[in-house]
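Okay, structure first, notes after.
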Amino acid sequence: MVFDFLKGEFIDVISWLDDTRDTMVWRFDRRGQAIKYGAKLTVREGQAAVFIHEGQLADVFQPGLYMLETNNMPILTTLQHWDHGFQSPFKSEVYFVNTTRFNDQKWGTKNPIMARDPEFGPIRLRAFGTYSMRVTDPGKFMTEIVGTDGEFTADEISFQIRNIIVQSASQVLAKSGIPVLDMAANLADLGKIIANAIAPQVGEYGISIPEFYIENISLPEDVEKALDKRTSMGVVGDLNRYMQYNAAESLSQPGSAMGSAMGAGMGMGMGASMAQNMGPWGAQPGAAAAPPPPPPPPPAGKVWHLAVDGTTSGPFGEAELAKAAADGRLTRATMVWTAGQDGWKMAADTELARLLDQMPPPLPKA
């Protein structure tokens, strides 16, 4: 009975099943019980088991099934000063470390990054993306980050990792020299540069960043609006033709005032056309058609004033001037004036010269 009681005080199976998906380190709860010498330790894929003995890092076990004996616990054997074959229970803290990837971790710049763009000059940038992390050195991760935390989650380290990422991303983007308009085409290369820059720093924590992505690099809202206007102007091209096109589009809109006026005009035109095609009193085509309207009157011709012997006369139309030219009262030297003419001129210097050229010369004397 005593042996069975003492046997119940010893732990002989050590393992961990995780269903939280965000736990990085979990401490095996032994509640003061000693671990039996020769106990079974099960370390599954994606795990590592770290033994801490009296505050010191002891043995680290990778995936596999182990019998806890002196031959596979060299560090703990040295710390315990065990002799070969000594089979006594021992008390150590056992931490299981999740070595799988923790994906979809977020990062982003809270404050803008000041950079010098080759085209726009000084400019402010913001960037954000995702990354994944995993524990590559469980012993270093325990001593540098976890300490004695019985249940360590990814959120507890992600803040520090984000600070490292933002610092490196700011330096890389500011020194890249890549124009803002070309950064979208170089996100993959910039991501690799940032991942390589942060690798040594996170490596000091026993962590690696197997995947790192820049999802977007953005400009301030005002700058983006100005850039959109610039893009729109480039798409429009000829501004005059664009304005003409917009005017034509507004005319075609039935709800606009100009569109309504144009529609009314078209309706009146169509009504007039239909009226012309209809007979009198709404008769159908084929009935007696109304006579066509008379032609418009011819435009009025110019009238002229004549100055002869200091006396003006007129106005005279072209027919009267032709008769005056035939009678000799209108010659090339006669001073004439018509509306719109700058002062009095000789008939030879006006369009009346054409009329005078048509007159026959005087008859020779007998």
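The values are calculated or read from the model by the stated rules, or taken from the named source; none is laboratory data. Only a predicted model underlies this, so the values are computations on that prediction, with no experimental measurement involved. Counting neighbours? That spans all protein chains shown, and the Cβs are built from the backbone with ideal geometry, glycine included.
Once region 12-27 is narrowed to residues that are touching a Lys or Arg at 6+ places or on another chain (Cβ under 8 Å) and of a type in the set (Val, Ile, Thr), the residue that is nearest to Glu144 (Cα to Cα) is Ile14. Scanning region 207-218 for residues that are touching a Phe, Trp or Tyr at 6+ places or on another chain (Cβ under 9 Å) and surrounded by fewer than 20 Cβ atoms within 10 Å (Cβ to Cβ) returns Pro210, Glu211, Tyr213, Glu215, Asn216, Ser218. Which of the strands (runs of 3 or more DSSP E) found entirely inside region 1-116 contain at least 2 residues meeting this: under 30 Å from Gly177 (Cα atoms) and at pLDDT 90 or above? Of the strands (runs of 3 or more DSSP E) lying wholly inside region 1-116, those with at least 2 residues that are under 30 Å from Gly177 (Cα atoms) and at pLDDT 90 or above span 102-108. Within region 151-175, being over 19 Å from Phe141 (Cα atoms) and either touching a residue at least 24 places away in the same chain (Cβ under 8 Å) or not assigned by TED's automatic domain parsing to the domain that holds Lys110 (or both) holds for Val166, Ser168, Ala169, Ser170, Gln171, Val172, Leu173, Ala174.
The set of residues from region 176-220 being of a type in the set (S, T, N, Q) and either out of contact with any Gly (no Cβ under 8 Å at 6 or more places or on another chain) or not assigned by TED's automatic domain parsing to the domain that holds Ile157 (or both) comprises Ser176, Asn186, Asn196, Gln201, Ser208, Ser218. Considering Ala169, Ala185, the condition of being more than 28 Å from Glu144 (Cβ to Cβ) and either basic (Lys, Arg) or assigned to a helix (DSSP H, G or I) (or both) is satisfied by Ala185 alone.
Cβ separations smaller than 9 Å between residues 6+ apart or across chains give the following pairs from region 183-206 residues that are of a type in the set (Lys, Arg) to residues that are buried (at least 20 other Cβ atoms within 10 Å of the Cβ) and not in a helix (DSSP H, G or I): Lys192/Phe212.
Within the set Thr148, Thr143, the sole residue that is out of contact with any Lys or Arg (no Cβ under 7 Å at 6 or more places or on another chain), assigned to a helix (DSSP H, G or I) and of a type in the set (S, T, N, Q) turns out to be Thr143. Of the candidates Glu224, Glu215, the single residue that is touching a strand residue (DSSP E or B) at 6+ places or on another chain (Cβ under 7 Å), modelled with pLDDT under 95 and not basic (Lys, Arg) is Glu215. Candidates in region 328-366 are the residues that are of a type in the set (Ser, Thr, Tyr) and closer than 19 Å to Gly310 by Cβ; of these, the one that is modelled with the highest pLDDT is Thr334. Is it the case, given these coordinates, that Thr100 is within 30 Å of Ala169 (Cβ to Cβ) and surrounded by 16 or more Cβ atoms within 10 Å (Cβ to Cβ)? No.
Just one of the numbered conditions (1) of a type outside the set (Phe, Trp, Tyr); (2) in a strand (DSSP E or B); (3) closer than 23 Å to Thr23 by Cα; (4) within 30 Å of the chain's Cα centre (by Cα) is not true of Ile161: (2). Go through (1) surrounded by 15 or more Cβ atoms within 10 Å (Cβ to Cβ); (2) within 24 Å of Ala195 (Cβ to Cβ); (3) under 20 Å from the mean Cα position of the chain (by Cα) and name the single condition Lys110 misses. Lys110 satisfies every listed condition except (1).
Looking across region 189-206 at every residue that is among the hydrophobic types (A, V, I, L, M, F, W, C) and over 18 Å from Asn103 (Cα atoms), the one that is surrounded by the most Cβ atoms within 10 Å (Cβ to Cβ) is identified as Leu190.
What do you reckon, is Leu125 buried (at least 19 other Cβ atoms within 10 Å of the Cβ), of a type outside the set (S, T, N, Q) and free of Cβ contacts under 8 Å to residues at least 60 places away in the same chain? In short, no.
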